[in-house]
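To keep things clear, I will list the structure first and then write my remarks on it.
The values are calculated or read from the model by the stated rules, or taken from the named source; none is laboratory data. Bear in mind the structure is a predicted one, so any value in this text is a computation, not a measurement. All Cβ positions, even for glycine, are placed from backbone atoms using ideal geometry, and neighbour counts span all protein chains on display. Heads up: the accessible areas ignore ligands, DNA and RNA and are worked out on the full protein's heavy atoms, side chains in. Shrake-Rupley method; radii C 1.70, N 1.55, O 1.52, S 1.80 Å.
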Amino acid sequence: MGAGEQLVTIAAVLLGALTSYVGSYLSERNRTRYELLTRWDDRKLSAYEGYIDRMRAVIFLAVQLYEDREGIRTADKTQEEMLVEHLEASRLRGRSFERIMLLGGDDVIEAAHELNSIAGEIDWQATGKIEGTLEEWRSRHRSVFRAINNFHEAARTDLGVQGNATGEKHPERDLLLPPARHDENDASV
């Protein structure tokens, strides 16, 4: 075998080794990038579901507080106990909102701000900081659940989930509440 043939063989071996190295490097880089994206998506999903869970918990505590305060339904706890529980749940909701601020996309953050604003009105009416009728109370609840649906849509888009949670195939539904009652004194409840 001549020197020229040996050089061609060595060049072919080097080219093969270089090609193998570049292919392995690019494959490993893509795998690492995919793992990072997946890890962040997992954390985002956890943050989004935690936030909605906390949001709904505070809303349900506000309902208990409001119904007891307005005489609609008697609670098993005192007003003070319910206020303390509501304040703690609100604090936890605030912490979960901070995770949204750290991990969420722009549209998710805006949807969370809107949701917080509407939920704040429910909190204020439940605690007596603002007055309102039962119809205003129900209107606030309709608004907050529309805002939750908007948050869901923004989160789904941010996570790359296909389809919609609202729209033609999923029409808007009203609150599942009984109609206002009237007692003997004809006071709306």
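Treat each spin label as a single point 7 Å out from the Cα along the C-beta direction, and report the residue 11 to residue 29 distance in nm.
2.6
Using 19 Å as the cut-off for backbone N distance, which residues of the stretch 80-111 belong to the label zone defined by a point 7 Å from the Cα of residue 60 along Cα→Cβ?
Zone members listed by number: 81-97.
At 1.4 Å probe size, with no ligands or nucleic acids counted, give the accessible surface of residue 61 in Å², nearest ten.
30
With +1 on each Lys and Arg Cβ and -1 on each Asp and Glu Cβ, and nothing else charged, work out how big the dipole of the stretch 63-107 is about its Cα centre, in Debye to the nearest 20.
Working: 7 positive and 11 negative charges, 24 e Å.
Here the stretch 63-107 has a charge dipole of around 120 debye.
Which is farthest toward the positive dipole end of the stretch 56-130 among 74, 112, 59, measuring Cα position about the Cα centre, with Cβ charges +1 (Lys, Arg) and -1 (Asp, Glu)?
So the residue furthest toward the plus end is 74.
How would 123, 107 rank on accessible area, largest to smallest, probe 1.4 Å?
Working: 123 15, 107 115 Å².
Listed by decreasing accessible area, they come as 107, 123.
I'd like the accessible area for residue 133, computed on protein heavy atoms only with a 1.4 Å probe and all protein chains in place. Round to 10 Å², please.
80
With each pseudo-label sitting 7 Å past Cα toward Cβ, what's the residue 40-residue 142 distance in nm, one decimal?
Spacing of the two 7 Å Cα→Cβ label points: 3.9 nm.
Provide the FRET efficiency to the nearest 0.05 for the residue 130-residue 95 pair, computing r from the beta carbons and using R0 = 25 Å.
On the way: r = 25 Å, r/R0 = 0.99.
So the FRET efficiency works out to roughly 0.50.
From the protein chains alone at 1.4 Å, what is the descending order of accessible area for 86, 113, largest first?
Details: 86 5, 113 80 Å².
Ranked list, largest accessible area first: 113, 86.
Would you rank 97, 145, 60 by solvent-accessible area, highest first, keeping every protein chain in place and using a 1.4 Å probe?
On the way: 97 25, 145 50, 60 105 Å².
Largest accessible area first, the list is 60, 145, 97.
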